[in-house]
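Taking it in order: structure first as structure tokens, then the write-up.
The values are calculated or read from the model by the stated rules, or taken from the named source; none is laboratory data. Values in this document were obtained by computation on a predicted structure and should not be read as measured data. Virtual Cβ from ideal backbone geometry, glycine too; neighbours counted across all protein chains shown. What goes into the accessible areas is simple: the full protein's heavy atoms, side chains included, and nothing from ligands, DNA or RNA. Shrake-Rupley method; radii C 1.70, N 1.55, O 1.52, S 1.80 Å.
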Amino acid sequence: MAKKEEAPNMVERFAEFKDLKNIDKSTMVSVLEESFRKVLAGMFGTDENLDVIMNPDKGDVQIFQKLEVVADGNVANPNLEISLSDARADQDPDAEIGEEHTREIFFADFGRRAILTLRQTLQSKILDLQKNAVYAKFKELEGQLVNGEVYQTWSRETLLMDVDKNELYLPKSDLIPGEFFRKGDNVLAVIANVDNKNNNPKITVSRTSETFLRRLFEREVPEIADGLISIHSVARIPGERAKIAVETYDDRIDPVGACVGPKGSRIHGIVRELRNENIDVIHYTPNPSLFIQRALSPAMISRITLDEENKKAEVFLRPDQVALAIGKGGMNIKLADKLTGYSIDVFRDDPTSQTLDDIYLDEFKDEIDEWVIDALKEMGCVTAREVLNTPRQRLIDEADLEEDTVDNVIEILKAEFEDDEAPAEGEE
């Protein structure tokens, strides 16, 4: 009787796996049944004639074996057959040869070895199930932020543990240059990759990816999280500088101002998280010329030649603006390349070229309304000559200006150059 007491409440005894591994009730019951069947199949040679009934509410299991009734003395396989006499003696007095007899099996009768085998089988299946659950969970979370506590640091990577004790690996190459974490430090990163090689899930996180910067802005700027502002593109040199292009379809929202926040409150938090990485927030425009101009800020561009098919741009600048466009170590132009998707080449304007006599539209704010200048710049005209070289009708259509307004602008700009080009008194 002592052995039989081991069989009841087996589900309760294995409930520790459910509590530790966060496995739902139906999955747990299924795993238990599968584990019982595997052990029973090893004991009886097959489980095809066995019914395993789990009773999770009661915390026990019932096992029934179906046997064919054969004549006394003709039992060839006791795991598949039962003699007529034994069947009638086993609570089936009306049994007949050729019928099916069902008898209940008490698992605990097979002793501690069978129970130990069952426990080991269950542990193995639970472990596989847990690994699959971890992989599936984090695969869906790729590209999302995650917090981890530093558990151990090696030469090539740092091991983090999240709140559920899942292991997160932060490679040294994915640390912002100059970063060093100690055991117990809290680290914020983005889930960069999740693989399941040999059924061993490995979660790799990063602090240098462009996705990390995207997620930080989504966390800090409610308008991005709510979909009122969208991030068009991101370019980043970790630990040094980054550029992010944002846009909105709501004219009432200033996307750049919203990302920066009052007195820089929003962007300062991101900069601190990135170890004082400088971040330029740029208003995206579908006009490639204007977008490239903004991406190369703070440099002021004289003119741009585009090859849209091959995504190439030739940018001409005054000599004093070239260094600004390229940036320290070529950083500014590298980021502009990534941000715009264009391969940008920078050229100095020829000092003898007429373009050196060009004037930025901002110089005409005393004569032309600022909103008109902004409309012209939005369509890619940032200098006076660019406006004058653009067909009148295109200025009306693309800048969405009244005809009288366009004519007035053209007249003002022409007058500027006519004054400069007029012959001196006495000249022919």
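Brief remarks follow.
- Take every DSSP beta bridge whose two residues both sit in the chain; close to 75 percent of them are antiparallel.
- Partner aspartates and glutamates for LYS139 [C-alpha distance under 13 Å; skip if fewer than 8 residues away on the same chain]: ASP195
- Test item: Cα-centred dipole of the chain, Lys/Arg +1 and Asp/Glu -1 on Cβ, debye: 3600 debye
- Working note: Karplus 6.51/-1.76/1.60 with θ = phi - 60° gives the stretch 398-413 the couplings 7, 8, 6, 10, 5, 4, 4, 5, 4, 4, 5, 4, 4, 4, 5, 5 Hz, where Gly and Pro are set to x.
- The chain: calculated mean residue ellipticity at 222 nm from DSSP helix runs of at least 4, using -39500 (n - 2.57): -11000 deg cm²/dmol
- Mean projected area of the Cα convex hull of the stretch 118-167, taken over all directions, amounts to 4.7 nm².
- Loop chymotrypsin sites (Phe, Trp or Tyr not before Pro), the stretch 117-200 (other Cβ atoms within 10 Å of the site Cβ: 10 or fewer; DSSP): TRP154, PHE180
- Whole-number accessible area per residue in Å² for the stretch 236-335, which is evaluated in the context of all protein chains at 1.4 Å: 50 Å²
- Reach of LYS365 by Cα under 29 Å, taken over lysines that are not fewer than 8 positions away in the same chain: LYS243, LYS263, LYS377, LYS414
- Relative contact order computed over the stretch 170-324 (Cα-Cα under 8 Å; 6+ residues apart), in percent: 15 percent
- Length-normalised contact order of the chain in % [C-alpha pairs under 8 Å, at least 6 apart]: 7 percent
- Segment GLU363-GLU48, extension gain: residue separation times 0.36 nm, minus the distance between their alpha carbons: 104.4 nm
- For the stretch 182-188, 3J(HN,Hα) computed residue by residue from phi via the Karplus equation (6.51, -1.76, 1.60; θ = phi - 60°) reads 10, 3, x, 5, 8, 10, 9 Hz, glycine and proline entered as x.
- In the chain, a dipole from Cβ-located charges (positive for Lys and Arg, negative for Asp and Glu) runs towards its positive end, and of VAL221, HIS283, ASN193 it is ASN193 whose Cα lies farthest in that direction.
- Among the GluC sites (Glu not before Pro) in the stretch 38-143, those located in a DSSP loop and surrounded by at most 16 other Cβ atoms within 10 Å of their own Cβ are GLU48, GLU96, GLU99, GLU142.
- The string of couplings for the stretch 72-80 from the Karplus curve (6.51, -1.76, 1.60, θ = phi - 60°) is 4, x, 10, 6, 8, 9, x, 7, 10 Hz, one whole number per residue in order, with x for Gly and Pro.
- LYS312 long-range amide H proximity, modeled H, under 5 Å: ASP307, SER343
- Working from the Cα coordinates of the chain, the gyration tensor eigenvalues give, after taking √(5λ), semi-axes of 79, 23, 18 Å in decreasing order.
- Taking the accessible area of the chain, probe 1.4 Å, and keeping the other protein chains in place, the carbon and sulfur fraction comes to 45%.
- Equivalent ellipsoid of the stretch 41-173: semi-axes from √(5λ) of the C-alpha gyration tensor, largest first, are 53, 14, 13 Å.
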